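Here the structure is laid out as structure tokens; the discussion comes afterwards.
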Amino acid sequence: MLSFDLHKRKFLTVFLLLLFAWSLMGVNWQEGVMHSSGISTAGEIFAAMFTPDLSMDILLLAAESSWLTLAYATAGMSLALILALIFGILASGVLSSGKRSRTLMKGSFRGVLGFMRAIHELVWAWLFVASFGLSPYAAIFALAIPYGGILGRIFADMINDVPEEPIKALRATGASRLQCLFYGYLPSVKNSMISYTMYRYECAVRSSAIMSFVGLGGLGYQIQLSLDDLHYDEVWTFLYFLIILVVIIDGWSNMLRRRMAQ
Amino acid sequence: MKKRRSPFLTFSFYAFLLLIASSWYFVIGIKNASLTELFSKENLEYATKFFKGLLGVGQEEIAFLNRDSWSDAFKLTVETLQMSIMAIGFSTIVMFLTVIPAARNVADGTLTLSRRWYRWFVFGLIRVSYIFSRAIPELVWAMIVIFIFKPGILPGAIALALHNFGILGKLCAEVIEDTDSRPIRNLASAGANRAQILMYGVFPTVLPQFLTYILYRWEVIMRTTIVVGFVGAGGLGQEFKLSMSFFHYTEITLLLICYLILVIIADYISEKSRFFVK
């Protein structure tokens, strides 16, 4: 048995290495992969890392766009949470009574959630902008749909993993399905739901920063403008703002998770 | 008896309410975004035109019914797949090179039973680089990398790898921190050197977990390949952007179909392989 396992693992390693080698063949290595001035540009960008532009108006602009990024992320995430709660509960199938209707409901709503998260948020943003113009709602919806899909799927899994016994006890006292949901399922998964949402919130801030790429403002937009002007020092200022924003949210969510685990 | 909530939790709760309220106020009040305007007649017209375009209603050349465009799209799909594999390969290599000193129990010497003054310094340096790489989204990395490399799938793969090695490194360092240190300390006290400890103690216990994370990240990378293509880093994304700017709507539909197929395959593989690794 052990030798077989070892064999299997070796086989897997070789297979993965071959796959990687195959992917490297996709690049045309002969013609040179860098621009002729590539190395000097890389040096300039790297040097600018230590000398970010700290003039007042750039700092103000960076702070303003950080707020824009955060606001879009928060608004999108709050919408995603609502979507995820509705779809997640439906996709977990705890509300349906018969076995057949449960499989039907699980299958169909999981499919919907899968579709929502399969398409990247930036593609959603592009579709929204193309169909109804540059509006903050395009950014918010574009964030809310894929994040709703991810959260909803995880919520559904969490609800399905709730131990049977307390629910059976509730059922035995005559609770309806809705009462089971509110007094049995939701209280037992509440904490893990909150910590997963916090974890995703950090990702949402990052996504919201690149949302600007389609022209919706925010940190990513400023980064792009500065890059186009070859102002690498300004680029790094905005990047540092983004990093600080992400680190703060990461630290906050870590603290929150640790407190809730107690 | 009711458990007292810690003040931090209460504070966080209200802070979040405030944050949500102020961001919605900002969007609705200051940015003057109105939902009713969104669903105005004009926008409805645009939207129907756009979706009709996507479905190819009333157009002569419909890309997703054309054999040549399918074969072109297939070539791009393979390219995208190569890009994603290359990206996860690069980030895995960098992760393996840095992950051991980045674990807290290696830095403080409890795992290897040896202490060096520089360990904490290396630990801090690597962790900061992880945070750096993680906090900057792949699209921004791609915008920077495209300045250095020629357009193609290589800059895309590098940009994706730059973002993902931080995430992989953090996840995998945590795996090492959580391993049972007793067998490894046993090896160390039996006189194994660093390489031997690594080969016989650390890797066998953590590799299955690493592989799960790598596959999980690969699935995420697959989804993001389209995005780095937008800035000229090759694959489906680049073509997607081109068709978007030329208003070749039916081509967009075709590319979206290919993209969805790739994502679903990646999803399926990573789901199944989790059982395989176990």
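With respect to the conditions (1) modelled with pLDDT of 85 or more; (2) within 30 Å of B:Gly166 (Cα to Cα), A:Met211 falls short on a single one, namely (1). Taken over the range A:142-173, the criterion of being closer than 16 Å to A:Leu95 by Cβ and either buried (at least 17 other Cβ atoms within 10 Å of the Cβ) or of a type in the set (A, V, I, L, M, F, W, C) (or both) is satisfied by A:Gly152, A:Phe155, A:Ala156, A:Met158, A:Ile159, A:Val162, A:Ile167, A:Leu170.
Check the range B:84-97 and report whether any residue there is open to solvent by 30 Å² or more (accessible area, probe 1.4 Å), within 22 Å of B:Leu154 (Cα to Cα) and in contact (Cβ under 8 Å) with a residue 12 or more places away in the chain. Checked against the condition, which is being open to solvent by 30 Å² or more (accessible area, probe 1.4 Å), within 22 Å of B:Leu154 (Cα to Cα) and in contact (Cβ under 8 Å) with a residue 12 or more places away in the chain, the range B:84-97 yields at least one hit. Residues in the range B:139-165 that are within 8 Å of chain A (Cβ to nearest Cβ) and under 23 Å from A:Tyr199 (Cα atoms): B:Leu139, B:Val140. Cβ-Cβ contacts under 7 Å between residues 6 or more apart (or on different chains), taken from a first residue in the range A:122-150 that is facing chain B (nearest Cβ under 7 Å) and under 19 Å from B:Phe39 (Cβ atoms) to a second residue that is open to solvent by 10 Å² or more (accessible area, probe 1.4 Å) and charged (D, E, K, R), are listed as A:Pro136/B:Lys31. The residues of the range B:110-128 that are touching a helix residue (DSSP H, G or I) at 6+ places or on another chain (Cβ under 7 Å) and free of Cβ contacts under 8 Å to residues at least 40 places away in the same chain, listed by number, are B:Arg119, B:Trp120, B:Phe123.
Set side by side, the residues A:Ser188, A:Ser192, A:Ser176 differ, and just one is under 20 Å from the mean Cα position of the chain (by Cα), more than 14 Å from every other protein chain (Cβ to nearest Cβ) and either among the hydroxyl-bearing types (Ser, Thr, Tyr) or open to solvent by 60 Å² or more (accessible area, probe 1.4 Å) (or both), which is A:Ser192.
Report yes if B:Arg127 is within 12 Å of another protein chain (Cβ to nearest Cβ) and surrounded by 16 or more Cβ atoms within 10 Å (Cβ to Cβ), otherwise no.
Details: within 12 Å of another protein chain (Cβ to nearest Cβ): yes; surrounded by 16 or more Cβ atoms within 10 Å (Cβ to Cβ): yes.
Yes, satisfied.
Among the conditions (1) more than 22 Å from the chain's Cα centre (by Cα); (2) surrounded by fewer than 15 Cβ atoms within 10 Å (Cβ to Cβ), A:Ala130 misses just one, which is (2). Here's a check for you: in the range B:55-83, which residue that is more than 30 Å from B:Val175 (Cβ to Cβ) and within 9 Å of another protein chain (Cβ to nearest Cβ) is surrounded by the most Cβ atoms within 10 Å (Cβ to Cβ)? For the range B:55-83, the residue satisfying everything is B:Glu79.
Every condition in (1) open to solvent by less than 10 Å² (accessible area, probe 1.4 Å); (2) farther than 17 Å from B:Val140 by Cα; (3) not in a helix (DSSP H, G or I) is met by B:Phe210 except one, and the failing one is (3). Restrict the check to the range A:58-65 and report whether at least one residue is among the polar types (S, T, N, Q) and touching a residue at least 24 places away in the same chain (Cβ under 8 Å). Scanning the range A:58-65 turns up at least one residue that is among the polar types (S, T, N, Q) and touching a residue at least 24 places away in the same chain (Cβ under 8 Å).
Looking only at residues in the range A:90-119 that are farther than 13 Å from A:Ile150 by Cα and among the β-branched types (Val, Ile, Thr), the one that is nearest to the other protein chains (Cβ to nearest Cβ) is A:Thr103.
Residue-by-condition table, conditions (1) part of a helix (DSSP H, G or I); (2) open to solvent by 40 Å² or more (accessible area, probe 1.4 Å); (3) polar (S, T, N, Q); (4) more than 19 Å from B:Ala142 (Cβ to Cβ):
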| position | (1), (2), (3), (4) |
| --- | --- |
| B:Met222 | yes, no, no, no |
| B:Val227 | yes, no, no, no |
| B:Gly237 | yes, no, no, no |
| B:Leu262 | yes, no, no, no |
| B:Ile265 | yes, yes, no, yes |
| B:Ser270 | yes, no, yes, yes |
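Matching residues to (1) touching a Gly at 6+ places or on another chain (Cβ under 6 Å); (2) modelled with pLDDT under 75; (3) within 25 Å of B:Leu211 (Cβ to Cβ):
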{"position": "A:Ser3", "(1), (2), (3)": "no, yes, yes"}
{"position": "A:Lys8", "(1), (2), (3)": "no, yes, yes"}
{"position": "A:Val14", "(1), (2), (3)": "no, no, yes"}
{"position": "A:Phe20", "(1), (2), (3)": "yes, no, yes"}
{"position": "A:Thr41", "(1), (2), (3)": "no, no, no"}
{"position": "A:Ala48", "(1), (2), (3)": "no, no, no"}
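Do we have any residue at all in the range A:203-215 that's open to solvent by 60 Å² or more (accessible area, probe 1.4 Å), touching a residue at least 40 places away in the same chain (Cβ under 8 Å), part of a helix (DSSP H, G or I) and not small (Gly, Ala, Ser)? No, that holds for no residue. Within the range B:148-196, the set of residues being assigned to a helix (DSSP H, G or I), surrounded by fewer than 21 Cβ atoms within 10 Å (Cβ to Cβ) and of a type in the set (A, V, I, L, M, F, W, C) comprises B:Ile167, B:Leu171, B:Val175, B:Leu187, B:Ala188, B:Ala195.
The values are calculated or read from the model by the stated rules, or taken from the named source; none is laboratory data. Quick caveat, the model's predicted, so the values are computed rather than measured. Cβ atoms come from the backbone with ideal geometry, glycine included; neighbour counts cover every protein chain shown. Each accessible area value is taken on the protein alone, full model and side chains, heavy atoms only, with ligands, DNA and RNA left out. Shrake-Rupley method; radii C 1.70, N 1.55, O 1.52, S 1.80 Å.
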